Protein chains: 2
Amino acid sequence: MNTIDETYYFPLDRYIDPERMSRIREFAQSRETPFLVVDLDLIKERYERFQKTMPFAKVYYAVKANPMDEVIEVLRDLGSNFDVATRYELDQLLRLGVDPSRMSYGNTIKKRSDIAYFFEKGVRVFCSDSFEDTQNIADHAPGSRIFFRLITEGSGSDWPLSRKFGAHSDLIFNLALRSRDLGLVPWGLSFHVGSQQRDIGQYDDGISRAKYLFNCLRDEGIRLSMINIGGGFPANYVDPTLPMETYASEIKRFLHEDFGDVLPEVLIEPGRGMTADAGVIVSEIVLVAKKSKNGLYRWVYLDIGMFGGLIETFNEAIRYPIYFDKTGKSEEIILAGPTCDSMDILYQNYRYRMPHSCRIGDRAYIFSAGAYTQSYSSVNFNGFPPLEAFVLPRNAQPVATVS
Amino acid sequence: MNTIDETYYFPLDRYIDPERMSRIREFAQSRETPFLVVDLDLIKERYERFQKTMPFAKVYYAVKANPMDEVIEVLRDLGSNFDVATRYELDQLLRLGVDPSRMSYGNTIKKRSDIAYFFEKGVRVFCSDSFEDTQNIADHAPGSRIFFRLITEGSGSDWPLSRKFGAHSDLIFNLALRSRDLGLVPWGLSFHVGSQQRDIGQYDDGISRAKYLFNCLRDEGIRLSMINIGGGFPANYVDPTLPMETYASEIKRFLHEDFGDVLPEVLIEPGRGMTADAGVIVSEIVLVAKKSKNGLYRWVYLDIGMFGGLIETFNEAIRYPIYFDKTGKSEEIILAGPTCDSMDILYQNYRYRMPHSCRIGDRAYIFSAGAYTQSYSSVNFNGFPPLEAFVLPRNAQPVATVS
């Protein structure tokens, strides 16, 4: 039921500290919405937290989560490695001076010409989950290191991975044998528990399946030395997650339980967990409308929607914290985007609240929006330009109006 | 079940004539995939068919369906009017020399500054479905003509319209009264039966609701003179539809049954029905993989997916005719896109067939792909550039390699 008139409450301090919020307000003040603003200090903090909580793991940042040049540069300078999805990302990283020895070509779906291109540019680490792709790697990236992706079900995650990626253990076993015969170097195994995974036990499952395959392959003379546990680390959305520290300590326990004192090389591929919380989308209320005389809920249209960067609101999978900068009594609303597409509804089952005092033109702040937003936005659907992205200035300065 | 070895059959002549197909093959030959190629002759044919089958209707082309400059220019020269969703589309049309008297601002979700911008540029026709928006129109586009959108359920359509657009009759009734009091000119009513509507009777429902409101408002001294029956006209996808001629004759019958001999002004807003069949996406097989030893279906990855322009494959809503240019025995497959996003699967419930003889690097032709594809494509998801779009040359010439 629509609990009309409940006082508006939003746990702002759960998502941002007051100093940052005032810098974002100031940056946003004279700027036309919508746009994404990313705080690089938070990316740095996040990277350092991964290093501190999981000192046993090497970070391969999943570039696709947020490919802004400035984000890559910060991570480059911190010493991060990079999980690369396409040759376009490779070109970007090379342009930014990242050495190919710090990259892995993590996409299991690749053209032969792309494999050759990565090899030519110096990349020597490839991921695979099929004979066909492994053969292509052997042909076009001879002698490279290869790791194999185990299929997972991804239950417990907000954005589960489908059966599109990974293969079953028996196929992976044969793949490792074949890769050796083809002159590749079988390096290790990977899995991905699904993005924004809330059930930490899923890592345990993946790790023990990997350990089992390590053993089977050792009997065949193949000594794998790497386990890539992917991503799935939490971002700060509406639904609570366990803290990163718990993820880290549990994963460490799982690893030692299966591998004993001496761990293999451990790789992690955070994307969302690295950048989501560093980004805020600033949006504006375009229209507040009642669709029928006795309609329970008003429709609130923002100037950003599913095709402007919020595609992960599909089926309301990712529930962003959305903050209206007003106080007082509030109501439950339906939130939608600005395009003429009927699918462009953000939330109608999960109800957000908005203060009665909100008016057309007021700002709405969408927190934890630094991952999988800008790069997804459509090139010109309904004529809208792609979402603009900025870096939050360290010292807020009054900004000239952009129109 | 996977009917292995059935001979491959694709009703190519249902989607394209041999001469056009050979021109597309030639155009595609030396060009890097994926891309969309649009045959402007077919746009012209389609426009003329709307005019011929529905001579009582004025065409307002829904620009968002395919906003390519060349498409707009063809329709401009044929005398079409335009349904405009945003000020970006308005700017484009003005740049292409379309007079504002040929435009309607059909999006019910608009910023006040956008209304003012349209008015300033000379647009005098606005659509609305809420008091809030009507007030904004009165404030920023005084004296303009306004029409009101009735809510529909969109059942029977492949891409149904949600409750996001339109309002119930009682609200529309009051909205018309209010608009008059605010100095606007209540012009007519609109509805939209949903895109790719297969149940023609849905138009009857919309028309009779409109007629009822015409009568009610006449009693209040408001004489509406226009009915906008939107789009929903068929494109040639996998599932059969009735021919456009049947849509036209049935709609004509519905109109006369409700309005008698003298029809109000009738507007139609074809988008998909105008451009879908004129476009072919040429794609390439990136990888064919078995995901498990005893997997029934192989996974076929194309170099275009949900985020490269095929977003309407969501929930497999739109089933494009996909043609593999090979013959012989065939098998059922799962079709997916090239990105690292697990959601980027095109079809896994509806099974497409592919000849066994298909190999990595072979072409796949996606027909009826001229609407709601290119403009939706993401700006750089996974680093992929947006889908390229071309116009099919009238006389095929050998084309230089693009790489």
| note | Here the residues within segment B:185-195 that are modelled with pLDDT of 95 or more and open to solvent by 10 Å² or more (accessible area, probe 1.4 Å) are B:185, B:186, B:187
| residue A:387 fails exactly one of the following numbered conditions: (1) touching a Gly at 6+ places or on another chain (Cβ under 7 Å); (2) at pLDDT 95 or above; (3) within 24 Å of residue A:156 (Cβ to Cβ). What is the number of that condition? | (3)
| message | Just to be sure I understand, how many residues within segment B:260-319 are more than 14 Å from chain A (Cβ to nearest Cβ), under 15 Å from residue B:36 (Cα atoms) and open to solvent by 20 Å² or more (accessible area, probe 1.4 Å)? | response | 1
| field | Filter pass, residue A:20 being more than 26 Å from residue B:341 (Cα to Cα) and either over 18 Å from the mean Cα position of the chain (by Cα) or part of a helix (DSSP H, G or I) (or both) | value | yes
| task | Can you give me the number of residues within segment B:342-353 that are more than 13 Å from every other protein chain (Cβ to nearest Cβ) and open to solvent by 30 Å² or more (accessible area, probe 1.4 Å)? | result | 3
| field | Residues within segment A:162-197 that are more than 23 Å from residue B:344 (Cα to Cα) and in a loop (DSSP other than H, G, I, E, B), tallied | value | 3
| Every pair of residues 6+ apart whose Cβ atoms lie under 8 Å, when the first sits in segment B:66-81 and is among the small types (Gly, Ala, Ser) while the second is open to solvent by 20 Å² or more (accessible area, probe 1.4 Å) | B:80/B:102
| Between residues in segment B:117-136 that are farther than 18 Å from residue B:93 by Cα and residues that are aromatic (Phe, Trp, Tyr) and open to solvent by less than 50 Å² (accessible area, probe 1.4 Å), which pairs lie under 7 Å by C-beta distance while being six or more apart or on different chains? | B:127/B:105; B:127/B:147; B:128/B:148; B:129/B:148; B:129/B:165
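Residue by residue, here is whether (1) within 25 Å of the chain's Cα centre (by Cα); (2) closer than 18 Å to residue B:295 by Cα holds:
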residue	(1), (2)
A:120	no, no
A:123	yes, no
A:135	no, no
A:139	no, no
A:144	no, no
A:149	yes, yes
A:155	yes, no
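Looking only at segment A:172-183, which residues are out of contact with any Gly (no Cβ under 7 Å at 6 or more places or on another chain) and open to solvent by 10 Å² or more (accessible area, probe 1.4 Å)?
So the first thing to find is which residues in segment A:172-183 are out of contact with any Gly (no Cβ under 7 Å at 6 or more places or on another chain), and the list is A:172-182.
Answer for segment A:172-183, where residues must be out of contact with any Gly (no Cβ under 7 Å at 6 or more places or on another chain) and open to solvent by 10 Å² or more (accessible area, probe 1.4 Å): A:173, A:174, A:177, A:178, A:180, A:181, A:182.
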| task | Please tell me if residue A:237 is within 30 Å of residue A:22 (Cα to Cα), aromatic (Phe, Trp, Tyr) and either in the same structural domain as residue A:191 (by TED's automatic domain parsing) or surrounded by fewer than 20 Cβ atoms within 10 Å (Cβ to Cβ) (or both). | result | yes
| request: Answer with yes or no whether residue A:67 is open to solvent by 10 Å² or more (accessible area, probe 1.4 Å) and either among the polar types (S, T, N, Q) or farther than 20 Å from residue A:279 by Cα (or both). | output: no
| said: Please go through segment B:76-101 and give me each residue that is in contact with a Gly (Cβ under 9 Å, 6 or more places away or on another chain), open to solvent by 30 Å² or more (accessible area, probe 1.4 Å) and either part of a loop (DSSP other than H, G, I, E, B) or in the same structural domain as residue B:141 (by TED's automatic domain parsing) (or both), ordered by number. | reply: B:99
| query | Does segment A:354-364 contain any residue that is away from chain B (no Cβ under 14 Å), within 30 Å of residue A:232 (Cα to Cα) and under 23 Å from the mean Cα position of the chain (by Cα)? | reply | no
| task | Working carefully through the options A:163, A:198, find the one that is within 12 Å of chain B (Cβ to nearest Cβ) and either among the polar types (S, T, N, Q) or open to solvent by 10 Å² or more (accessible area, probe 1.4 Å) (or both). | result | A:163
| field | Given (1) part of a loop (DSSP other than H, G, I, E, B); (2) more than 8 Å from every other protein chain (Cβ to nearest Cβ); (3) crowded, with 24+ Cβ neighbours inside 10 Å, number of the condition residue A:339 does not satisfy | value | (2)
| said: Cβ-Cβ under 8 Å, sequence separation 6+ or interchain: first residue in segment B:178-194 and within 15 Å of residue B:119 (Cβ to Cβ) and touching a residue at least 40 places away in the same chain (Cβ under 8 Å), partner outside any strand (DSSP E or B) and open to solvent by 40 Å² or more (accessible area, probe 1.4 Å). Which pairs? | reply: B:182/B:135; B:183/B:142; B:183/B:143; B:184/B:142; B:184/B:143; B:185/B:143
| remark: Apart from one, (1) touching a strand residue (DSSP E or B) at 6+ places or on another chain (Cβ under 9 Å); (2) open to solvent by 50 Å² or more (accessible area, probe 1.4 Å) all hold for residue A:139; the odd one out is (1)
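Each row is one residue, and each column tells you yes or no for (1) without any contact (Cβ under 8 Å) to a residue 12 or more places away in the chain; (2) in the same structural domain as residue B:121 (by TED's automatic domain parsing); (3) more than 24 Å from residue B:250 (Cα to Cα); (4) in a loop (DSSP other than H, G, I, E, B).
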| site | (1), (2), (3), (4) |
| --- | --- |
| B:143 | no, yes, yes, yes |
| B:158 | no, yes, no, no |
| B:199 | no, yes, no, yes |
| B:209 | no, yes, no, no |
| query | Just checking, which of B:182, B:213 is more than 28 Å from residue B:247 (Cβ to Cβ) and not charged (D, E, K, R)? | reply | B:182
| query | How about segment B:366-382: which of its residues are open to solvent by 10 Å² or more (accessible area, probe 1.4 Å) and modelled with pLDDT of 95 or more? | reply | B:372, B:374
| Which one is nearest to residue B:15 (Cα to Cα), of the residues in segment B:211-234 that are open to solvent by less than 10 Å² (accessible area, probe 1.4 Å) and assigned to a helix (DSSP H, G or I)? | B:213
| Pick from segment B:365-380 the residues that are facing chain A (nearest Cβ under 8 Å) and in contact with a strand residue (DSSP E or B) (Cβ under 8 Å, 6 or more places away or on another chain): which of them is farthest from residue B:282 (Cα to Cα)? | B:379
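The values are calculated or read from the model by the stated rules, or taken from the named source; none is laboratory data. In this text, all values refer to a predicted model and were calculated from it rather than measured experimentally. Please note: Cβ atoms are built from the backbone with ideal geometry, for glycine as well, and neighbour counts cover all protein chains shown. We work out accessible area using only protein heavy atoms, side chains counted, and drop any ligands, DNA or RNA first. Shrake-Rupley method; radii C 1.70, N 1.55, O 1.52, S 1.80 Å.
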